[in-house]
1. Could you line up 595, 487 from fewest to most neighbouring Cβ atoms inside 10 Å?
2. In whole Å, how far is the Cα centre of the range 662-724 from that of the range 909-928?
3. Going by how many other Cβ atoms sit within 10 Å of their own, how do 333, 213 line up, fewest first?
4. By how many nm would the segment from residue 509 to residue 203 grow when fully extended, if each residue of separation counts as 0.36 nm and the alpha-carbon distance is taken off?
5. Given the range 833-903, report the % of alpha carbon pairs whose separation exceeds 18 Å.
6. For the range 685-778, build the convex hull from the C-alpha positions and give me its volume per residue in Å³.
7. How large, in Å, is the range 359-456 by the Kirkwood hydrodynamic radius built from its alpha-carbon pairs?
8. Sorted from fewest to most neighbouring beta carbons within 10 Å, what does the list 430, 768 look like?
């Protein structure tokens, strides 16, 4: 709503046609018309001082405005700035300044508004840090924003905007000429639309008249009665009797049917704000949650910054900037966060990425060869930005694409889309038709999905799927029969033949969909076994279904019945065993088990096999695998039986449904031979885990095979240095995955570097050694400067402290953060984490027993180094014994003073200053949720981080704003309000520069640490003293001293 200057963009708006994706032979794209707005409508009576001329080159016009500083210096006592009144558009929003001199506002002429630039964000408690901020933000627009297209709004949505508040009226004389298009386009992309009226009323009568004018135009634009309607109050002449007049406006709005009301104004107008002066508007009368408050901490605050600061969080919303550059090259926007959801909760996130893939299954159905039509079905529909519309461009092969039509598919109840294609709409062409599928996503983008073709005929009777079913090979002993499907006709192609079968007993509780197997004569066969159907006897039903080429299943092809009997008196488990695929070179063969009879059900088929050599010392129970024809197969390899040759025995066992094993089913023997002349040992040799720190690597051997078996894998290894004088024969160790590994270390090879030779040998089962393969690798050891050095020093057992030192490696990765975990009690009961950013190449972290309940004992220290590349290294530095005594108090005090003194001379903007900021932001949760910036005032950041780095944050708390820090000191019971008193070394001193005498009870501006007190002089170390860490001196009782905090060292 507000800005520091009015920019009237006389630019023509346009929309480009969406590009289409290229898939297959692409159809011609739909024509999309890009309309161009040729003139900007301006109400010259409302735009005071504006001179708008025809601007074909799309230049941006600016009105002349007084010089308005973008940031006022608090130290200089900033005065409020005024701008000439511009009744059509609110010129600027009132920002708040915390100015101790409390300047008197200048008198304003008609239509003027006063706005202040906020001061240092850390100087006052702005918000409730736990307040909830809605995910989506919102903007407000007026004629200054001109025409906003759907594409513009989609761009805003991508940046997290969920709502728009459109200006409708001003007073009783002005209507925003762009309101209708701004509203409609916002609605089309799913933004929540609210409306506002800029008010000027100064009486009951004018308040009601402006309300009526507002509602009249809201209804004209068909805005529903539950629309959020905003009263924009910022004209200074309204302040007299503003509450009664606003009540009249409110009553009139409700009488006219609009009761979802909000009130927009500056924080300084409210009687509840974060400023020293209170405004005239009674928030309790209208409900603070119904206020939308404008207040700008900085000229261009980011959305994340606003959500962190949470100013005015007890209100309904906060407008945090009037300079949001959300659309490149366009007028800036007023940008707000929504606390209650009033402005964004009804947004439809149609432009938000769904996380779903681009997907769609395309199927041709209902191909009517008489009428020449078919249905194109698109199922499993999804797209990254959701699907608004499904388009099916279709054309016949005849004469190219001269009969191209973009069909719009209709969404079905099951979520699929269907487009009905008629040849009558495509010049009655027959033959091949092309149908492609495109999605229009919710963000307006058109994406191609896929396509298909089909044959179209007219006046031809449809060919029905058909087939013949017969029963063969009935076995009344075992209760089995074969279903044969022949004479198959499948006009839409054939993928599978299914034979659902079941007995008449107990309905279909034993239904099984058998997959028929294609035979060499073109028929399909499925074997039905009563053993798979609960051993039911009597009538069996068998039907035939086809799975067509497109995956659809079609039934009603054929059906039959047959009687099944089982001779239980003679039935025993049975099966036939045969040997197939004998390979005399490799020494392998297949055992086939068929004609299986298992009256008690079948869980597994086992084939125990062994050679006649040395009894059954090579016995293996092979698990046979069921084949598609119902048989079971087990492959027997001599390599798994110690490479034995000669006679092999193979038996058959069944594991029945109840888990019991039954043998004696069948047995056979076969002769196995191996052609050793053609079999060579094989193995893949690779090098892994090359460690350039210690000069080691792993040798990995996979695909291990030798004709006479492998008893041992050996890896002789040596370096190029001095021949083979460092040769080592390694015995590789077998791993669970069947590979073998050997670890090679340069220290076992005279610390030789350079080329290493690795050979592979097998010791076979007969004791012979055979060479297999070889490889080489380079071994090097990088110097230690690639790794940091972590050490413990300065151990003071009685003081209860020690130092963890970290030295950055000169050529290593760059350190980002150092975390030290220390504890001494069981279960880590006194665990404490020390977190700091590195201070140059050498960083020290002091571990103090005070942070660990001052317990005596062995302190375990773990150090974690986090690097800028995202990696982390951990170091266990063992234990240190501490037995802290009462000297801890003085040590804590001394450590604080030492840490502060070490930073004297550090300047703002330096690397050490940036680390102070990083350290402050590294500890979560952040005070008031605010992440400080390198450009913020940093006196309290310095003080907070000094204590933080010593692990003593619990003594003083953490803050970046001095006045808020004083409240923490009070809660800790360490605050001394008397500025005349004498502090001690290690105390905290605060200042108020706006008062020069005691008692000084003003607003605290500055903070530091007392280094010592001598001869009536307080010596301090202060951060941000002339933008550096500096030593200063003050006499006891100096008028600028606000008060002291005395940390309870040793507590």
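1. Ordered from fewest to most neighbouring Cβ atoms within 10 Å, 595, 487 come out as 487, 595.
2. What the calculation gives is 58 Å, centre to centre.
3. Ranking 333, 213 by Cβ neighbours within 10 Å, fewest first, gives 213, 333.
4. 101.8 nm
5. Within the range 833-903, distances greater than 18 Å cover 51 percent of Cα pairs.
6. In the range 685-778, the Cα convex hull volume per residue is 90 Å³.
7. Working: mean 1/r = 0.0739 Å⁻¹.
This gives a value of 13.5 Å.
8. Ordered by Cβ neighbours within 10 Å, fewest first: 768, 430.
Laboratory data are not the source of any read-out in this text; all were calculated from the coordinates shown. For clarity, every value in this text was computed on a predicted model and none was experimentally measured. Virtual Cβ from ideal backbone geometry, glycine too; neighbours counted across all protein chains shown.
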